[in-house]
1. In the full protein assembly as shown, how much of THR104 is accessible to a 1.4 Å probe, in Å² to the nearest 10?
2. Could you tell me the number of lysine pairs in the chain with C-alpha atoms less than 19 Å from each other, where the two lysines are 8 or more residues apart or belong to different chains?
3. Could you tell me the relative contact order of segment 35-128? Use alpha-carbon pairs under 8 Å, at least six residues apart, and round to a whole percent.
4. Which trypsin sites (Lys or Arg not before Pro) in segment 31-128 sit in a loop by DSSP (not H, G, I, E or B) and have at most 13 other Cβ atoms within 10 Å of their own Cβ?
5. Could you work out the longest stretch of the chain that avoids the GluC sites (Glu not before Pro) located in DSSP loops with at most 11 other Cβ atoms within 10 Å?
6. Expressed as a fraction of 2.2 N^0.38 Å, the rule-of-thumb size for a compact globular protein of N residues, what is the C-alpha radius of gyration of the chain?
7. At a 1.4 Å probe radius, which order do VAL34, VAL90 fall into by accessible area, largest first?
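The values are calculated or read from the model by the stated rules, or taken from the named source; none is laboratory data. Given the structure is predicted, the values throughout are model-derived calculations rather than measurements. In this analysis, Cβ positions are derived from the backbone assuming ideal geometry, glycine residues included, and neighbour counts consider all displayed protein chains. When the accessible area is computed, the model is the full protein with side chains, heavy atoms only, and any ligands, DNA or RNA have been set aside. Shrake-Rupley method; radii C 1.70, N 1.55, O 1.52, S 1.80 Å.
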Amino acid sequence: VGALLDLGLSKPGFLHIARIQEQRIEKLEDVLSVGQKVEVRVVKDRRGEIEVSMMANNLKGQSDFEVGQELEATVSGIAKAGVFFDMGAVRQALMFSAPPGLATEKGQRLKVRITKMSGISFEVEAAN
């Protein structure tokens with residue numbers, strides 16, 4: 001459930017009801033109307049549409065970063081796949097394998113280097 005938006009591009013934007021506001025919405029019509037202008041941020045570029053969010057306006061997108069860039073990031077989660085970092089971006093960054101001896105705890109701030117960007121995903125490594 002959501003709304004299709006005219007972004008002025010070759011394909012429409014899709015705004016899922018859960019990406020409009022943090023509070024639960026019962027009916028889309030309670031918060032949006034046809035022709036209403038809204039500010040959105042691109043979350044994901046799909047084949048047939050562009051997924052957008054009204055809640056991610058304060059977050060950075062991929063165009064705000066570049067491969068090789070070093071920045072401070074916060075450990076947001078640890079899983080078998082690796083360590084996830086919050087860089088202030090729409091999506092979290094992933095460090096697939098932390099270097100031996102690198103202590104990582106949720107909430108810890110570390111300096112990381114962006115090694116790869118694809119779609120809207122980020123891969124990082126520890127920076128010196």
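1. Using a 1.4 Å probe on the heavy atoms, I get roughly 30 Å².
2. 8
3. Numbers: 183 pairs, mean separation 23.7, N = 94.
It comes to 25 percent, rounded to a whole number.
4. Passing both the DSSP loop test and the Cβ count: LYS37, ARG46, ARG47, LYS80, LYS106.
5. The segment 67-104 is the longest one with no such site.
6. 1.24
7. Greatest to least solvent exposure: VAL34, VAL90.
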